[in-house]
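Asks: For reference, the structure I am asking about is given below.
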Amino acid sequence: MRQLLVVTILASGSLICFTGYCVALIDWVQDIENGTYWRNHLEAVLETFALFTYSYLAIRFMKSRFTHL
């Protein structure tokens with residue numbers, strides 16, 4: 001029973017984080033299309049850095065987990 005709870009919490013947390021990442025990516029694309037980043041360069045740098053960092057770490061994690069199969 002305890003293991004099922006842990007798996008459920010991890011799956012829910014992963015889904016919530018992935019949803020947040022998708023929302024941030026959609027916002028980033030919309031900001032590029034609307035020209036928001038031309039007016040606010042700091043926001044552009046910070047959001048782009050955050051998305052690339054998260055993507056890099058996710059790919060690195062996936063490589064480490066799935067190359068040993």
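Asks: With every protein chain kept in place and ligands, DNA and RNA left out, what is the accessible area per residue of the chain? Probe 1.4 Å, answer in Å².
Replies: Result: 90 Å² of accessible area for each residue.
Asks: Ala11 versus Ser55, label points 7 Å from Cα toward the beta carbon: distance in nm?
Replies: 2.9
Asks: At 222 nm, what value in deg cm²/dmol follows for the chain if DSSP H runs of at least 4 each add -39500 (n - 2.57) and the sum is divided by all its residues, to the nearest 500?
Replies: -31500 deg cm²/dmol
Asks: On to the next question. Stokes-Einstein diffusion coefficient for the chain at 10 °C in a medium of 1.306 mPa s, Rh from the Kirkwood formula over Cα pairs: what value in µm²/s?
Replies: 111
The values are calculated or read from the model by the stated rules, or taken from the named source; none is laboratory data. Note that the coordinates shown come from a computational prediction; the quantities given were computed from them, not determined experimentally. Cβ atoms come from the backbone with ideal geometry, glycine included; neighbour counts cover every protein chain shown. Ligands, DNA and RNA are excluded from the accessible area calculation, which covers all protein heavy atoms including side chains. Shrake-Rupley method; radii C 1.70, N 1.55, O 1.52, S 1.80 Å.
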